[in-house]
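The values are calculated or read from the model by the stated rules, or taken from the named source; none is laboratory data. Since this is a predicted model, take the numbers as computed values, not measurements. Every residue, glycine among them, receives a Cβ derived from its backbone with ideal geometry; neighbour counts consider all protein chains shown. Calculation scope for accessible area: heavy atoms of the full protein, side chains included, ligands and nucleic acids excluded. Shrake-Rupley method; radii C 1.70, N 1.55, O 1.52, S 1.80 Å.
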Amino acid sequence: MNEMVRKTQAAATDTSLDPQDWNAFRALAHRMLDETIDGIANIRARPVWQPIPDDVRAAFKADVPREASDLADVYREFAEHVAPYATGNVHPGFMGWVHGGGTAVGMLAEMLAAGLNANLGGRDHMPIEVERQIVDWMRRLFAFPESASGIFVTGTSMANLMAVLVARTSALGTPARQYGIGNDGALLTAYTSRAAHGCVSRAMDIAGLGTDALRKIDVDTDHRIDVAALRAQIAVDREVGFKPFLVVASAGTVDIGAIDDLKAIAELCREEGIWFHVDGAFGALAILAPELAPVLGGIELADSIALDFHKWGQVPYDAGFLLVRDGEQHRQAFAQPAAYLSREARGLAAGAVWPCDLGPDLSRGFRALKTWFTLKTFGTDRLGAVIARSCALAKYLEARVLAEPRLELLAPVNLNIVCFRYRADDAVNREIVADVQESGIAAPSGTTLDGKFAIRAAIVNHRTDETDIDALVAAILDFGARRVGDGVIEIEAPPLAAQ
Ligand SMILES: Cc1ncc(COP(=O)(O)O)c(C=O)c1O
């Protein structure tokens, strides 16, 4: 063998990061997989969440690890210091914010995707076809035309930002991408309700349009945007020379799950020539449940829809998604020529349009695979049944609250979110939420509705059942009574399951 080739091969063996002993690696990998599966299968034996002990937090202020460590030791550190102190949303008692529970199937798909290490920015390979398959399924579900396009993103915050950018380019034309938004851009105004998620306002900020250009319209008693007030505000703005360009409707408001009148907004936007975007972060997937789908009537008329598979879709984090009715307008907002990304008729550089033409990311992971596995393995009917069941559980919780004199319902229950409080002041209710979280029994979150602090339970996890709702109510009543009593309480967390 030529001396140079021999030296190069020797060096390659030294620098490769592959295991020296594949058999030992395989045995450890199987143990990791077994223990992870055990962790999910036995999730009820663990506290929902537990505070991070000081020494565990301190262990993560270590120096840069210049020397190698044994994989088994690194895994032990993960198993002892990271896994027990995760958010807890795998647990059926987790009802805070709007967190999905994930599935063991999605976990496996994540592992397979990591094995492929595919980059879905572009090029001609099957992982991109998997993403295109999901785009087509979403297009069909929401009755969008064949010319629609879609793309996976981190979450709805990003999808809403991208929708603002597509609507902005549609309003100002593509020159605005070169010259900036200019005087015309300074006159653009967008509209959403007071109940919309804060990321809509942030999107206006990041898009360079400014949060003041977002008009926050009043809501009715059911937290739905007041369409007459929306119409009036658009008229006032036009009158003084602004250029209304975008309405962001909510299909499931973050606080209470209210769904705006999508049909009426679609009609208004069509009359006014305004882009109609729907923030359907969690609510849009109610389309999978036949008994709920009618409440989304009008969503099929949207110009774009943002949604998260990682919420009600039960896909592991993260798996946000943007669907745009007019794929060409979508492409015009992001596509950019670059010599090193030239598209060819054949070979690996074929297959345009590439996902990097449809969003700000060039390198992108294979989020579509865990979504594809989830949709195919369970089928959309079963996922729809999970969604309908979480709404039924919310009704069960509402009934428990209404039947309990020490509790007070604070908002109508539209979908899967229940906002209520212990009959005491805000400070006590804030303490109760933290007490329940620290007890490990359940994890509700809090919000403020009409100036009152509310305990908020969003039922998203497919594992949640009546016993979890009962445990939440019992814990709130227990901690509430103790807080209102002497104010000094000991939180007892359930013991950790044997590792
Ligand atoms: C209505 C709504 N919009 C947007 C978001 C933000 O979504 P993400 O956290 O995936 O960015 C959420 C999150 O809960 C939401 O409920």
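Numerical summary
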item: Cβ-Cβ under 6 Å pairs, at least 6 apart or on other chains, region 187-210 side open to solvent by less than 10 Å² (accessible area, probe 1.4 Å), far side part of a loop (DSSP other than H, G, I, E, B) and away from the ligand (no atom under 11 Å from the Cβ); result: L188/L209; T189/F242
item: Residue in region 273-294 that is nearest to L165 (Cα to Cα), counting only those that are more than 15 Å from the ligand (Cβ to nearest atom) and crowded, with 18+ Cβ neighbours inside 10 Å; result: W275
item: Neighbours by Cβ (under 9 Å, 6+ apart or cross-chain): first from region 298-326, on the phi > 0 side of the Ramachandran plot; second open to solvent by 10 Å² or more (accessible area, probe 1.4 Å) and of a type in the set (D, E, K, R); result: G298/D261; G298/K263; G298/E267
item: Single condition V82 does not satisfy, out of (1) open to solvent by less than 90 Å² (accessible area, probe 1.4 Å); (2) under 20 Å from the mean Cα position of the chain (by Cα); (3) of a type outside the set (S, T, Y); result: (2)
item: R57 vs. criteria part of a helix (DSSP H, G or I) and either of a type in the set (A, V, I, L, M, F, W, C) or exposed (fewer than 15 other Cβ atoms within 10 Å of the Cβ) (or both); result: yes
item: Some residue of region 241-248 being crowded, with 23+ Cβ neighbours inside 10 Å, among the aromatic types (F, W, Y) and more than 27 Å from F309 (Cβ to Cβ); result: yes
item: Tally of residues being more than 11 Å from the ligand (Cβ to nearest atom) and either touching a Cys at 6+ places or on another chain (Cβ under 6 Å) or open to solvent by 10 Å² or more (accessible area, probe 1.4 Å) (or both) across region 254-265; result: 3
item: Any hit, region 465-488, residues being part of a loop (DSSP other than H, G, I, E, B), under 27 Å from the mean Cα position of the chain (by Cα) and at pLDDT 95 or above; result: yes
item: For N416: the one exception among (1) over 20 Å from H197 (Cβ atoms); (2) of a type outside the set (G, A, S); (3) at pLDDT 95 or above; result: (1)
item: Criterion violated by A349 - all others in (1) among the small types (G, A, S); (2) open to solvent by 60 Å² or more (accessible area, probe 1.4 Å); (3) more than 26 Å from R325 (Cβ to Cβ) satisfied; result: (2)
item: Residue count for region 142-165, restricted to those that are open to solvent by 40 Å² or more (accessible area, probe 1.4 Å) and within 16 Å of the ligand (Cβ to nearest atom); result: 3
item: Segments classed as helices (runs of 4 or more DSSP H), wholly inside region 351-439, with at least 2 members that are closer than 30 Å to D124 by Cβ and not hydrophobic (A, V, I, L, M, F, W, C); result: 367-378
item: Members of region 438-452 that are open to solvent by less than 20 Å² (accessible area, probe 1.4 Å) and more than 20 Å from N89 (Cα to Cα); result: L449
item: Meets criteria (away from the ligand (no atom under 16 Å from the Cβ) and polar (S, T, N, Q)) for Q329; result: yes
item: Selection count, region 64-116, where residues are of a type in the set (F, W, Y), within 16 Å of the ligand (Cβ to nearest atom) and on the phi < 0 side of the Ramachandran plot; result: 1
item: Evaluation of A114 against (1) outside the structural domain of C356 (by TED's automatic domain parsing); (2) in contact (Cβ under 8 Å) with a residue 12 or more places away in the chain (one fails), failing number; result: (2)
item: Single residue of R139, R168 found to be within 18 Å of Q332 (Cβ to Cβ), open to solvent by 20 Å² or more (accessible area, probe 1.4 Å) and more than 16 Å from the ligand (Cβ to nearest atom); result: R168
item: Criterion (buried (at least 19 other Cβ atoms within 10 Å of the Cβ), under 20 Å from Q314 (Cβ atoms) and of a type in the set (D, E)) met by exactly one of D435, D468, D381; result: D468
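Residues checked against (1) touching a Cys at 6+ places or on another chain (Cβ under 6 Å); (2) not acidic (D, E):
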position	(1), (2)
N160	yes, yes
V166	no, yes
L172	no, yes
L187	no, yes
C199	no, yes
L214	no, yes
D220	no, no
D226	no, no
